[in-house]
Structure formats: C-alpha cells, structure tokens
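Engineer: Please find one structure pasted underneath; my questions will follow.
The values are calculated or read from the model by the stated rules, or taken from the named source; none is laboratory data. This one's a predicted model, so the numbers in the text were calculated from it and none came from an experiment. Note that we place each Cβ from the backbone using ideal geometry, even for glycine, and neighbour counts take in every protein chain shown.
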Number of protein chains: 6
Amino acid sequence: MTRSDGRTATDLRPVTIERGWSAQAEGSALISFGNTKVLCTASFTNGVPRWLKGKGTGWVTAEYSMLPRSTNDRMDRESVKGKIGGRTHEISRLIGRSLRAVVDMKALGENTIVIDCDVLQADGGTRTAAITGAYIALADSLEWGREKGFIGKNSKPLIDSVAAVSVGIVKGEPLLDLAYVEDVKAETDMNVVVTGRGLFVEVQGTAEGAPFDRDELNALLDLALGGTADLTAMQVASLAS
Amino acid sequence: MTRSDGRTATDLRPVTIERGWSAQAEGSALISFGNTKVLCTASFTNGVPRWLKGKGTGWVTAEYSMLPRSTNDRMDRESVKGKIGGRTHEISRLIGRSLRAVVDMKALGENTIVIDCDVLQADGGTRTAAITGAYIALADSLEWGREKGFIGKNSKPLIDSVAAVSVGIVKGEPLLDLAYVEDVKAETDMNVVVTGRGLFVEVQGTAEGAPFDRDELNALLDLALGGTADLTAMQVASLAS
Amino acid sequence: MTRSDGRTATDLRPVTIERGWSAQAEGSALISFGNTKVLCTASFTNGVPRWLKGKGTGWVTAEYSMLPRSTNDRMDRESVKGKIGGRTHEISRLIGRSLRAVVDMKALGENTIVIDCDVLQADGGTRTAAITGAYIALADSLEWGREKGFIGKNSKPLIDSVAAVSVGIVKGEPLLDLAYVEDVKAETDMNVVVTGRGLFVEVQGTAEGAPFDRDELNALLDLALGGTADLTAMQVASLAS
Amino acid sequence: MTRSDGRTATDLRPVTIERGWSAQAEGSALISFGNTKVLCTASFTNGVPRWLKGKGTGWVTAEYSMLPRSTNDRMDRESVKGKIGGRTHEISRLIGRSLRAVVDMKALGENTIVIDCDVLQADGGTRTAAITGAYIALADSLEWGREKGFIGKNSKPLIDSVAAVSVGIVKGEPLLDLAYVEDVKAETDMNVVVTGRGLFVEVQGTAEGAPFDRDELNALLDLALGGTADLTAMQVASLAS
Amino acid sequence: MTRSDGRTATDLRPVTIERGWSAQAEGSALISFGNTKVLCTASFTNGVPRWLKGKGTGWVTAEYSMLPRSTNDRMDRESVKGKIGGRTHEISRLIGRSLRAVVDMKALGENTIVIDCDVLQADGGTRTAAITGAYIALADSLEWGREKGFIGKNSKPLIDSVAAVSVGIVKGEPLLDLAYVEDVKAETDMNVVVTGRGLFVEVQGTAEGAPFDRDELNALLDLALGGTADLTAMQVASLAS
Amino acid sequence: MTRSDGRTATDLRPVTIERGWSAQAEGSALISFGNTKVLCTASFTNGVPRWLKGKGTGWVTAEYSMLPRSTNDRMDRESVKGKIGGRTHEISRLIGRSLRAVVDMKALGENTIVIDCDVLQADGGTRTAAITGAYIALADSLEWGREKGFIGKNSKPLIDSVAAVSVGIVKGEPLLDLAYVEDVKAETDMNVVVTGRGLFVEVQGTAEGAPFDRDELNALLDLALGGTADLTAMQVASLAS
C-alpha cells in the first residue's frame, strides 16, 4: 500500500529540526514532522520549587499547547475558556515524564527546567514531535547551565536521549508516523517513547475502533522502534552541528 | 518472593463487587480491589448531546474523582480549587474510552450514559477497579434502558465485556495488581484494559524509574492477561447473580 | 396521619452509624438516616493555618459535597463546573459552625481538624445526617490526637456533643426528620442543631410556601428537641461501642 | 444597660429610606440602618428564564455584594478573586427567598425581577437592611411593570410586605439591631425576616459563643417582632410618600 | 449647536464632589459628572507588596467596577461570571497609571494605597469622573498617612494633581465631556488625563466610526485642556474646604 | 544620537512579512519588527454570532497572546493561571478595533473573521507588529471569502489599510519603533495606529515617567506618521507579491 503522501508503511515524514530558533530561551528547537510544526523552548532556572528545596535534586517539567489556528478549524483558546482541557493536560504530563526518564536529577542539582512545546501547525503526531524536539531544547539548556556554572563540570545529567513516534493500524495495516488524515481513520493508535539505547519509556496504545490482539501490538512496537531509531540519529546529527 | 500482603506475583487482591449499591442510579456497583473501594454509578438519559442529535447513535462517557480523604493524606477538593487536575482528566478519559470500546453506539441508539466513578478509599489500582466496576454499572443501565423501551428488544449494544488491571515491575520482578506500597516503588507501571475475549483496549506502560525492554513488556502483558481473565469471570458471575 | 413510610409524625427514620468506616482517616463514620447516606471523615493535622499561628488555639472546619448521582437526577460535578454552588457553601459553613460550638479551641491546641461530609445517597436531611455523623468522626479524631500526643492528657477539647435534625410542616402538620418526598411539599422547613445538653446551636427555619406563626415555630422546636435527644443517645452508644 | 450609641436594648438605629435613588432602575432605594448603607435596585424584565417558560409564573431573585471598602479593612473584590464566597452566596439566597415569600408568582406572570443589594458602607445588619430596602425596590418595580402593561391591572403580585432585623445576646442581654461592635461580641446572633402581617419568613439563629436555651430564643423573637413592626411602618410611609 | 442637555460644546456637565463620603476609608469622594456618579475610596496600608519590600518606595493601584444596575440595562456581575472583562481591566489600569503619575513613590515610602472606583450610576465619562474623584481620595489618604506618622512630615508624595475628561467628535463637531447619548454616536472618542500644571499623562483617542485627522486631534486636545483646567480648579476648591 | 542597534531616531527596525505562513488559516502572516516575531492568522467563518444574526453585517475580532518563553524571563501561561491578564485583554481589544476601522461590515456581509496574533518572540512593539501583520492576514482572508463566494464579487469590505508603530521619548529624544531596551527606559510611550491614507485610528500615549507637553506630543505624532507610511508601503508590496 502506498500512503496518500507517497510514503511506505515504514517511512517517517520529512523531519526538520531548527535548533536554537529562539533568541531568548536557554535551549530551543522548531521541529517539523511533515506539516506538523512545534516550537520547543527550554527555560533553565537556578533553584527548585519549594517542595524540592534542600534535597539536592533538580526538576524538569513540560507544558504543551496548541495555537488556536494550528488546526483546520479554529479552536477556542484555553486561556479564554479559563481552563485547560484533558487532552492538553495529558500530553503535558507525557512530555514531562518522557524527559525526566533521561535526566539524572541528582546530577542536575537544584535547577529547574521548564520545556514549553507550542504547536504552531498541527497535522498529526504533535505530541511525538514535541517530545523529539523537546529533547534538543533540553540538551542545549543543560549545556547552557554547565557554561553558567549551575551544573558541575563533571556532572552528567543526561543519561540517555529520548524520541517518540506514533504508529497505528489503518485498514488493517500497521503504519509509522500517522498524518492527520490517517490518524482519524486508524483502528488503533499508539504513541511510543523510546530512549537512544532502544528502551521503552512510554507505550500508550488505544483501540479507537476495534480492540487489538497481541500480534498487532507486536507489529506496532516493531515499527515504532524503527522510527525512533531514525529520530535518534537525527537528534544526534542536530546536536553535533 | 512473597508480597507484603502474602500474595504471590500473579495473585489479584481480594475483589468484591456489590452490584446495585445505589438506590437511585440506573446501574451501580461498589467494587473493591483489596482496600481500594470505588463507587460506580451509571446515569441513563434518553437523548444525546446536541452535537450527536439526529445521527442515530448514542454516547457513553465517564467521570472519575477521589474523595478528599480517600488517601492517606487529605487532598484539596478539585471543586474548591476550581479546576480539575491532569490526573483526574486523564483517568476520566481512559475510563470513557474503555467503556466505549465495548458498546455499539448504533445499537445504543440516541441515549446517553454517564458513568461516575468515585473513589471512596484508595490503595493503588483505583483506575483499574473503576473500569472493572463501571462495566457492571454500564451493563445494568443498558438493561434498564431496554426495560424502559429506550433500547430496542433485539438491539445488542454490548459487544463485549471489559476489565482492567495494573501490573508493574518491583525490584526487578513483574507483579500483578499493585497495592499502593508496591506502586510507589515500581520501576515500571502499566495499566492494561482487556475485553472479555482477551483483546487489548488500552495498554499504558510508563517507566517510573528505569526504562524497560521488550522482554519486560512481554512479561507484564502476560501477567495482565491472566488478571483480566480472572476479573472477567467475576464480572460474569456478578451479572448472573 | 401516617407517613408514606409508615412513621408517625414524631419518628426518626432508621439511623445507622458505621463508626471507623474509613481505613485512612483519623476518625470516620458512615451514617444513614433512612436512605440518606453520608460518609464523614476527620483529618487531623498538627499545626494551624497561618492566621492562627502562635495563638495557642486550634481550628475545626468542614466541607460538604454530594456525589453527582447521589440524587434521583444526576447533577453536574462542581469540580467540572469550576465553582461551588451557594447551597454547598452554605451547608459546609453550617457544619463547621455546629462542630466548633462544641470544641474548646484552647484545649485543642494548635491542631487542625477538617471534616469531610460526602453524601453518597440523598433522600432528604443530608445536612442534619452530616452534622450528626461528623460529630462521631470529630470525637474519634480528637482521641487519635490525644493518643499521638498532639493533645494533652488532661485537655478536654470536647465540651459537649452535637446532633441535628430537620423538621417541617407538611399539609399543616409538623413532622420530624423529613424524607425527600416530604421535604419538597413542606410549607415550612427547619434545621435545628442541638447539643447533648439540649441547647440550641443553630435554628434555621424557612417558609417555603406560606409564612409561619409563633405557635408553629414552637411546635417545630418541640419536635426537633425530641429528635436530637434520640440522636444524642445513639451517638453516645456508638462512641461507647 | 445603655448601648455605646445611646440606644436602649429595644431601639432600632436611625433608619432612612431614599426611595427612587437610581435614575435607571425600575425600582430602587438607598436604605440606611445607622452607618450601614445599602443601595437596592430592582431590574424588571418581561420574560422568564428558559426553565420557567410557558408556565405562566414569574421569577424574583437577588444578588448581594459588598464594595471592597465598605468595611473597616479593605476586602478583595470577589470579581478579582474569580469566585464568590460562601457568605455572599448565603445572603443572596436569603434575600431572594425572603422576597419570593411575599410575591404571588402567578399574579406576576412571566416577568423576572432581579434585585441587587450593594453594600456601600457596612456597620452590622447589612443583610437585614438589604431585605428591608429590597422590598421597596421590588414594590416600585412591580408598579412600573403594571404601568407598562406587563402586569395585569387587577393582578396583585404583592401578597404582603417583608422586613428584617438582627437581634442578639450581648453579655447576656438580648439587643435589637446590632451594630458591628455589638455583633462581634454577641454570644448569639439571629436574623429574623417577618412579613407585614407579623408572620415569620426566616428565622436564622446561630450560637457564636455559647449555645442558647429556649428562653433566650423566645426573648430574641419578641425583640425581633417589635423591630420588624417598626420597619414595616417605615416601609408603608415610604411607599405612601 | 446646542446639546440635548442645553450645554455648549465647551461646557462640562454639573460636577459635584462629596469629599469624605465614606466613614471608613482613609480618603473618599462621591463625584458626579451630571448623572454619572462614582464612589472613590482610598485604602492606605503601611507596607508594600512583597516584590517591592526593602526598596524604600510605595505603591498606588486602582480598581474600577460598575454596579450591575448602574446602566440602563442590567449587566451581569463580574464576580458571578467569575472573570473580569477587558474593559474593566483596561480602565482599572488607566486609573492606576494616572494616579501614579502624580505621586513620588520615594516620598510615599513603603506604604500602599488602593483606590476603588465603583460606578453607582453611569451616564458616560465614568473613567474620567473616576480619575478626577480618585485624586481627591488619594490626596486625603496621603494626609491621613502623614497624620498617622507613616509618611514623614517633610515628605511631599504629591508632585502634582490630576484630572481627566472625555472629548469626542459628534456629527463633525468636537464636544467636551460626552454624556452617554452623545458617546454612542461619537465618530471619535478621546479620554485625556492632564495634570494640574497642564501636562498630559494619558491621551487615548479612538476612531469609533471614521478615522480622524491631525486637525480634529488638535481641536479635541484644546477642548480637553480647557475641561481639565476647570476640573483642577474644582479639585483645589474641594480640598481647601 | 545613535541607538544601541545603530538606528537613527527615525528608523524602523528591519521588517519582514512572511505572507501565507500557515497552511491552514484563510489568511496569515509571520511578521517581524527586528527580533519581535508575531504569527497572525485569520479564521474566516460564514455566519455571525447570535447577537448579529439577520442584520446583514459581519464581525471582525482579534485575540493576542504571548508564548510563555517569548520573553527574556518565562511567563506563566494564562491558560494555566485560568485567567487572562489586563494587558492581554487590552491589546486584543486594540487590535480588533484597529482592524474594524478599515472594514465595511455591510460589505463583509454575515461573515466572521477572527484574527489570532501569537507572539513567538518579543522585543518591544509586539502590539504594533501584530496590527501591521494582522492586516495582511485579514486582507487575504477576505480574498479567500470572495473566492468561496461568501463575499459578493463587487463588494469592497476593505475601505483602507491599517498599520501601527510605537514611538517614545527616551532621554528627552523622540524615537521611532522602540526595542525592548528602549521601551523600559522611555519617559513617554505612544502607540499610534494609522490608515493607509494617513488618518488616525488610535492614539495611545502614556507618560511612564514624567508627563509630556503639547510639543512633545506633536513630535511623537510626526515620527509615527513617518513610520506608518513606511509600513503601509511594505504591506502594499507584500500583498502585491
């Protein structure tokens, strides 16, 4: 089966990473997975929230949001509605957990990093693009913290890298990195977060239509591991440039 | 390894289901997984939200909440704080998706069922107990709808049953149905929602400490399928009584 | 006149008190007045809010809430609506005042007790059941505080007990402890909070239909004093068990 | 005992009613009980809220609020805090109930009256002044509705008048119409709402310090009936002018 | 052209200032510009917000609000809606900036003044009446602070006075101090805040209908300077009385 | 005086307009004034809000927001805080008014355009860049509406163009288009919105430090008219490309 954009089942969309897009943030990346564009910025602060003070460990958290017209139909702003929706909460929490999985909080020391992932344009896979781009912003902000002396010279707060990709079953076929038109008709949708060493940080599979069996689950995981390996390579290249 | 409460790795905690606990709801169950107690009520309404009107399909949704002193330390009420936290949103959405996976919305017709899952006492596994109990409340409310004539005599809105269990890796060992003391020290935590026929509805695995590999993932899935098969049997028995 | 449930005008509904229902709270009671069921938990904390610090006195407060399907028709959750309604506020304040009336704050010392009263099932008289059950939870939490050494051995923070009952005039006749079907047709509705010694803490009478005269007011107060005397006896028995 | 402002126990403070204070409202009164000043306006609208449509009955409701610097210490605005406090809710509800008790909703027809009671200056008794002044605004707005033809010529929506006063026990002595300095040291505080014919609409007695006995309750009710009879006479005079 | 209320283009409406209207505030004025009536109160507190502590400077801020029935049609309360509208925010900020422009924060010392401007009746020009009246309340509260010793004897926190007026172009003609009926048909609307010495603090001109040219702008500024000079004279007279 | 970035007092910063940046919006522009970058998108909807239905006129409104890390220090998200700040409200209203000033609502017909202006990076002048870019998005969305047939072929909803610039007095010297470092030390700050024909839509001048006199006001207006003329030329060029 050829997909509507000409990809094979195991192809990622074209991925670009504009590292250092922001003139102000301590780390940043404008990442695109096809038409999905997410601006990820890292804000490094010396010090930690009150509940962590004096414990010698740092904190990494994330906030995800979509611009109101990042989508085909304009959404109301959550700031105007006065509350954050369940989906936004859920994705913010997922990004935060994914990043914390590759940070040694003791090595970070009493420093806080907030990663903002703002979706400028959405075409499926916004949360996986966000995680993949957020890692770049995180890595650069840690380097900034080291240069400023907030992190010790020999400290290694990054214990691994992390990337994410969506997979799904569309018309019975497992596909990698779903675009929006594929996502809406997927029977099963899965987001997989994987470290640079190939270990799982998160596996979130959901039957949107029919429930899935063990073989389908395995096929999706195979696809995802292939995709995240490619994304890891791009992250390495970006950070080396 | 024997667990602190004497269970083996593959044992569920004692499960009880008080079907029809509520005198008012169209379906209800007070379910306990050990010390975790969740009151599940189903509210059946003839009619659907505006955005579904005239489409001939029904709607099933869920809301999860914890009493402020269901936990060891009292939590502030979300009604007093004026907003719902990310975790509450996330679990409400999970329960709703899990139930919708076993309902044929065409067969339900233009009827709405809201399932409330209120945690009266929490000792780990509140979301999995909630899903398992919510299915009982759902099934009874569908029967109520049939008796009242809102659902056709030959309609079969329930296409399968659904149950859920948590699994996790504690000190390197995969365990079934984690109690709170186990949950807080788990390296990996997974919630698995499975139908009566043994198909997956949701798989949500999270590395709390170290990321996990493919073998560990498989071991956890094996454990979960065993647990949900047992829970399915208890659901069948409860609904037959 | 015989009432729909067979009671005479001066009968309470069957009252049960399950003391210590909660495995986690410092004091708790699941109280029922007929089909009205309220779970009351007391959370004891050493220390007081900032505005009381250093004054040597404690604080007792209460929060009341109804589960969304405790009623015949499902209500929206106040946490979802993002604000607490006037009725909820009013009852929470009433419960708090009623309990504080029997506590010597100096003897309590710099400790805080929060009483949560969550209505699991509502059939009239939820606020009076809540006050009556909250007293049990309060008493047990004070005992817990004494055992833990937060309250001095010779301190007597409880200066009296407190119970409450509703009374009303239905079709011209004064009735004790109104069930929901009676409450909705009452011309006058009154909630009376009385100490174990028979003194008034609160008298809240409202003309729902026609205003009432002095004789009617006196008849309602007579009924209420009878009912609270019975409830006081049940509280004594419960705490003695 | 002579009170700090020279009154005897049974004296009201000087009461003034500036009827028609507002150039815009359909009915209005600026009422003062001593230094307590409340601006009451009635907004008459032809039509009723959706839930009452087609039932042939009207609706009367009230909102109470205090200016931030109506008190000795400035309070935060509830609009800035983003939520209404329990006390505000409670008093708004009390005023609404008190007014509805003297309105025949059938005779009002499908019209809505909203009474706003804004406390410009507070020195105790703001809710009782509000009720007493709100009645004047209500009466004038009904007359306006009749003139405009929204209320039939022979309809008599007002079935009685209503006034309110506070009473309390200070240092063991029952006093009428407490000023703020008296209110803060009262052992018992009671607000009594009485119709022009001398019937009770609301009796709300609260033990602030020591609980009160039946004799004290009776003494307070006697005082209150005297005070409301005087207020009723002033209302009659104001409406006749 | 004679205006509907008989004024010429360069006439202010009748202005009255009731200085010291409030028995509680440290400074206050009930100001009227024709039918527009605004109650301005100043609350003086020794101390400053946390972010200013230890800097030796004070803080002046303002809050503006309209009573729900200050207008022809009743508005919903912002406290009931749970959020403050853009217009309210904007005017509160304008009043605060206008007052701060004439205060030497060093001379004020670590004291805070909050000015509340509550519109009791609205007929156009509420923000300009508010600024003009707020200055009186501010001046008196500074005097209070000096008497209490919070401000040094030789400190001169007031460096100038401030007043404001609206101007606009109606049917091509520039008019001073627009009443509501003029305001709604103005092509251009401008609010001008001017010090006692005749310097501009704020110039806010808005084309409601057609954009305006440089000549029209100049004509409006001429009018405004005339009006604020008159208002300054009235402020001087009020403070001298 | 040469400015820190080498400009003269009458120079704009480098301005770029990426027209059609968004793949989804009916009109869009990513505009930069130096380091200030604002993404403006126009959402065109056939139909109008309920209060305008059947009047034959359209509606144009705007929402402004800043990404949390568009600034040097990260700001909390307004969606997380649950309310929109005064500054955000004020600027959203300003942008909406500025755009409506150049739209003939009758010619637009019953269509609604919402312009979102999201600041991706902030370095002073975000509101003026937003207005200038929003005009491009607006113009393209109107063209889209004409192509889709929602606007008549001969209708001319755009009656002029609109652009905006900030001016200010820094160390006594009037400067055009202030960067952030200039803005914070400006004695007077003015935002001026001007149509393509050179007429004023908004003039908002504020004394941040010392009040300003008539001559200074005139010098600022001269500067602003020069700057907006240049911006108008760039808008014409962008729309012609």
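Engineer: What is the number of the single condition among (1) surrounded by 15 or more Cβ atoms within 10 Å (Cβ to Cβ); (2) modelled with pLDDT of 95 or more; (3) closer than 27 Å to E:Val162 by Cα that F:Asp215 does not meet?
Structural biologist: Among (1) surrounded by 15 or more Cβ atoms within 10 Å (Cβ to Cβ); (2) modelled with pLDDT of 95 or more; (3) closer than 27 Å to E:Val162 by Cα, the lone unmet condition for F:Asp215 is (1).
Engineer: Being in contact with a His (Cβ under 9 Å, 6 or more places away or on another chain) and not charged (D, E, K, R) narrows it down to one residue among F:Gly56, F:Gly85, F:Gly34, F:Gly47; which is it?
Structural biologist: F:Gly85
Engineer: For the subset of region C:75-99 comprising residues that are more than 8 Å from every other protein chain (Cβ to nearest Cβ) and small (Gly, Ala, Ser), which member is farthest from C:Pro49 (Cα to Cα)?
Structural biologist: Selected residue: C:Ser98.
Engineer: Say whether the condition of being in contact (Cβ under 8 Å) with a residue 40 or more places away in the chain and in contact with a Phe, Trp or Tyr (Cβ under 8 Å, 6 or more places away or on another chain) is met by at least one residue in region F:164-175.
Structural biologist: Yes, there is a match, as at least one residue in region F:164-175 is in contact (Cβ under 8 Å) with a residue 40 or more places away in the chain and in contact with a Phe, Trp or Tyr (Cβ under 8 Å, 6 or more places away or on another chain).
Engineer: Can you name the number of the only condition in (1) assigned to a helix (DSSP H, G or I); (2) over 17 Å from F:Ala164 (Cα atoms); (3) touching a Ser or Thr at 6+ places or on another chain (Cβ under 7 Å) that F:Val80 fails?
Structural biologist: Just one mismatch for F:Val80, condition (3).
Engineer: May I pose another question? Note down all Cβ pairs under 7 Å where the first residue falls in region D:108-134 and is over 14 Å from E:Leu67 (Cα atoms), the second is acidic (Asp, Glu), and they're at least six residues apart or on different chains.
Structural biologist: Pairs that qualify, where the first residue is over 14 Å from E:Leu67 (Cα atoms) and the partner is acidic (Asp, Glu), are D:Gly124/D:Glu182; D:Gly124/D:Asp183; D:Gly125/D:Asp177.
Engineer: Based on what the data block shows, is B:Arg146 touching a helix residue (DSSP H, G or I) at 6+ places or on another chain (Cβ under 7 Å) and not in a loop (DSSP other than H, G, I, E, B)?
Structural biologist: The answer is no for B:Arg146.
Engineer: If I ask for residues that are facing another protein chain (nearest Cβ under 8 Å) and not in a loop (DSSP other than H, G, I, E, B), which ones from region C:58-73 would you list?
Structural biologist: C:Glu63, C:Ser65
Engineer: Only one of these is closer than 19 Å to C:Tyr64 by Cβ and in a helix (DSSP H, G or I): C:Ser141, C:Ser166. Name it.
Structural biologist: Unique residue meeting the criteria: C:Ser141.
Engineer: Read through the list (1) of a type outside the set (Asp, Glu); (2) under 26 Å from B:Ser22 (Cα atoms); (3) not in a loop (DSSP other than H, G, I, E, B), then give the number of the only condition that C:Leu94 fails.
Structural biologist: (2)
Engineer: Which numbered condition trips up C:Ile113, out of (1) touching a helix residue (DSSP H, G or I) at 6+ places or on another chain (Cβ under 8 Å); (2) among the hydrophobic types (A, V, I, L, M, F, W, C); (3) more than 25 Å from B:Leu120 (Cα to Cα)?
Structural biologist: Every condition holds for C:Ile113 apart from (3).
Engineer: State yes or no: is E:Asp104 of a type in the set (D, E, K, R), in contact (Cβ under 8 Å) with a residue 40 or more places away in the chain and closer than 20 Å to E:Ser22 by Cα?
Structural biologist: no
Engineer: Still on this structure, please answer the following. Can you confirm whether D:Ala134 is within 27 Å of C:Glu208 (Cβ to Cβ), in a strand (DSSP E or B) and not β-branched (Val, Ile, Thr)?
Structural biologist: no
Engineer: Among the residues of region C:100-123 satisfying the criterion of being within 12 Å of chain D (Cβ to nearest Cβ) and assigned to a helix (DSSP H, G or I), which is surrounded by the fewest Cβ atoms within 10 Å (Cβ to Cβ)?
Structural biologist: That would be C:Met105.
Engineer: Looking at region F:195-226, which of the residues that are over 23 Å from E:Ala101 (Cβ atoms) and assigned to a loop (DSSP other than H, G, I, E, B) is nearest to the other protein chains (Cβ to nearest Cβ)?
Structural biologist: Among residues in region F:195-226 that are over 23 Å from E:Ala101 (Cβ atoms) and assigned to a loop (DSSP other than H, G, I, E, B), the one nearest to the other protein chains (Cβ to nearest Cβ) is F:Leu199.
Engineer: Among the residues that make up region C:177-194, is at least one of them in contact with a helix residue (DSSP H, G or I) (Cβ under 9 Å, 6 or more places away or on another chain), closer than 23 Å to C:Gly96 by Cα, buried (at least 23 other Cβ atoms within 10 Å of the Cβ) and away from chain D (no Cβ under 14 Å)?
Structural biologist: Yes, that holds for at least one residue.
Engineer: Here is a further query. So E:Ala240 passes all but one of these: (1) farther than 29 Å from F:Thr188 by Cα; (2) touching a Pro at 6+ places or on another chain (Cβ under 7 Å). Which condition number does it fail?
Structural biologist: (2)
Engineer: Moving on to the next point. Do we find that B:Thr232 is touching a residue at least 40 places away in the same chain (Cβ under 8 Å), in contact with a Gly (Cβ under 6 Å, 6 or more places away or on another chain), under 27 Å from B:Ala137 (Cα atoms) and of a type outside the set (Phe, Trp, Tyr) in this structure? Please lay out each step first, then the result.
Structural biologist: Details: touching a residue at least 40 places away in the same chain (Cβ under 8 Å): yes; in contact with a Gly (Cβ under 6 Å, 6 or more places away or on another chain): yes; under 27 Å from B:Ala137 (Cα atoms): yes; of a type outside the set (Phe, Trp, Tyr): yes.
It is true that B:Thr232 is touching a residue at least 40 places away in the same chain (Cβ under 8 Å), in contact with a Gly (Cβ under 6 Å, 6 or more places away or on another chain), under 27 Å from B:Ala137 (Cα atoms) and of a type outside the set (Phe, Trp, Tyr).
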